[in-house]
Each structure stands twice: as structure tokens, then as C-alpha cells.
Amino acid sequence: MIGLATYSIPQGDMHLLDLTAMELAARPIPDYLRNVYTWAYLTPWLTGILDRQIVVQAILWGNAQRLIGDVLAAVKPGDRIFQPAAVYGSFSRQLANQIGRRGHLEVRDIAPLQVALTRQKLTNLPQAHVARGDAVDPDQSEYDAVTCFFLLHEVPDDIKIQIVPAMLGLVRPGGRVIFVDYHRPNRWHPLKPLMKLVFTWLEPFALAMWSQEIEQLAGPGAAAFRWSKRTRFNGMYQVVIAERVSVAVSDAGTETERQSIPNWAGPDPIGEPGIKRPLEPCRLPADTLPTSHDPALSV
Ligand SMILES: C[S@@+](CC[C@H](N)C(=O)[O-])C[C@H]1O[C@@H](n2cnc3c(N)ncnc32)[C@H](O)[C@@H]1O
């Protein structure tokens, strides 16, 4: 079983894997990760190159810091935050610094190597804790916010529709789940054909993000949230915030909804108009979701 999870990890790097065979048997590395992303997340020498902010910035066509800024703007000092998967570069450090020492950041990742790398990056930040975990089945706890940064496009559709409700289940009333991920670029986006090629070649689960709203992946639980979405870089990326509706009871005994979704009506710093689009609650049953083979995906 150890071999299953570590076949690409040389003997000298075994110290990175703080796992017993029993732990691995209880929570194996998913097939999609081993089959598609071994090079990116399970290969130590390559992670030494990839785990740099400048690389993340390049992969996201210069938009990484802007997208991280959107996440930081949606959390505040003292918040309790859950991050379901590791992110290369400085994302987690910036998040931990934003919530400060009074806050708490719980990071999980299914890949032992990523847990080890993230722990290294977060040393000296006692508000952050990193452990192994599966976003499909997180430990139950209540958070002010969940930050799901570019995870959905890397998992198959049947896992997407498990992760989104699992993340929604972790926030308190008034709490937010912040999803940042790929999105269908605008019609004439010059990088659209290239991105389609990259996805076809390297990221087979990503094209589905072009045809599915994240809200659609939430199932019936979506109705308990207020949804807001903005796109960045001419539609290439999306920032979706689902805020659990909290109901305040007034002195007169009447119930009113509280809402604090950010105001995204202002202009994007690079010229793209900001979009604030609260979506209607989605009532699509999960089995009507389009799949990556759906004809709607063709560009
Ligand atoms: C957040 S995603 C993509 C991040 C982005 N490419 C970056 O690093 O900038 C990558 C991480 O998700 C992790 N992952 C994939 N499936 C997971 C799951 N079901 N639960 C937790 N982590 C998962 C992978 O091990 C990997 O470390």
C-alpha cells in the first residue's frame, strides 16, 4: 500500500511522508490524482520547481495575486478558515497572515507530499494547522469561511458534486464558501483555444468548469446560500461566494435575512467590469448535470 502512494517518491524523500500503511489503506490516494496529476503533486523533484509563487503567477497568466486578493478581501482577522487542498506558492501564508494570530486556518490535502510541503511553508504561523484529509469527506466542524482555490477543475465530475456540498456543510450561518476556479472565457478570448488544448492534454476534468455553474454542483443545499459570482481576465476565471443565509429575529418576532456579500459592482483593476450577479437558487438535480462529454462544451 505504501508503494501505491509513493511510487514516484525516491527513498531519500520518504521522510516527507508521515504516513503508516494503515492510514493509507483507510484513505488511499484517489485514482484520478495518481493517473492524471502524479507529475504535479506526487513527484518531489518537480514540486521543488512548481511550488513557487512566480510559477503560479505564470500558470494563471499573471492573475494569481489578483485572485488571491479576492479571497483575502472576503475573510477577516480572527476568522476560522478551512482550506480543503494545498495550493502552490504563497496562498496559504497570505491567508494565515490575513486572519492573524487570533484566527485559525485548517489546511487539508489528500497527498502526503503536499501536506509536508504546506507544513514547511506555514512554519512560524501558529494559527495554521495542516493535516491529511479528503475534501469529499472533511471532519465536521464549523468555520467562518472555506477557501476552495482551483481544486474543482482537478477532480472528476462525480467528485465535484461531492466536494461542493461538503464545503457548504462546513460554514456557520453568515459564513462563506469562496470558490476560485477556471470559467468559460469570453467568446473572443485569444487564449481560449490554447486553454482548451492544455485542458485536453493535461487537465481532463477542467473543461467541465466551462459549462457548469458551481452553484449547480451544490445540489439541493444550494438554496440555503446566497450566491454571488464575478469573473476575471475576460471570463477565464471565476470567484464564486456562497454565503449561508442567516436569519435574524427582530424584537417584533419577524424574521429578516442578513446579507453581507461583497459589493462587486466596481471596475476590475485591469479594465474588465466587475460583475455582481446573485444567482437564483438552482434546483437542478445532480443527475441532470452536464458531463465533460456534453456537447455544450464545444467551443
Ligand atoms: C488545490 S488543487 C490545485 C491548486 C493549483 N494548481 C495550485 O497549486 O496553484 C491541488 C491540490 O489538490 C489536492 N487534492 C486533489 N484531490 C483532493 C481531495 N479529494 N481532497 C484533498 N485534496 C485534494 C492535490 O493533492 C493537490 O495538492
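The values are calculated or read from the model by the stated rules, or taken from the named source; none is laboratory data. These numbers come from a predicted model, not from an experiment. Note that each Cβ is placed from the backbone with ideal geometry, even for glycine, and that neighbours are counted across all protein chains shown. To get the accessible areas, we keep the full protein, side chains included, count just its heavy atoms, and leave off ligands, DNA and RNA. Shrake-Rupley method; radii C 1.70, N 1.55, O 1.52, S 1.80 Å.
Between Gly235 and Asn186, the built amide H atoms are under 5 Å apart, and every one of these is 5 or more places off in sequence or on another chain. In this structure the amide hydrogen of Gly133, modeled in the peptide plane, comes within under 5 Å of the amide hydrogens of Asp109, Ile110, none closer than 5 places in sequence on its chain. For segment 211-245 versus segment 96-157, the inter-centroid distance based on Cα atoms is 21 Å.
Projecting label points 7 angstrom from Cα along Cα→Cβ for Gln94 and Asn124 puts them 1.9 nm apart. Note on Leu202/Ala73: beta-carbon distance plugged into 1/(1 + (r/R0)^6) with R0 of 25 Å gives a FRET efficiency of 0.25. Cβ-Cβ distance of Ala58 and Ala252, R₀ of 51 Å, FRET efficiency by 1/(1 + (r/R0)^6): the value works out to about 0.35. Across the accessible surface of segment 134-247, with the other protein chains kept in place and a 1.4 Å probe, carbon and sulfur atoms take up 57 percent. Evaluated at q = 0.13, 0.19, 0.20 Å⁻¹, the base-10 log of the normalised Debye intensity for segment 97-193, with identical point scatterers placed on the Cα atoms, takes the values -0.55, -1.03, -1.10. Near the amide H of Ser246, within less than 5 Å, lie the amide hydrogens of Gly174, Arg258, all on another chain or at least 5 residues away, with H placed in the peptide plane. Loop-only trypsin sites (Lys or Arg not before Pro) in segment 42-132, please: DSSP not H, G, I, E or B, and at most 16 other Cβ atoms within 10 Å. Listed in order of number, the matching sites are Arg52, Arg101, Arg102.
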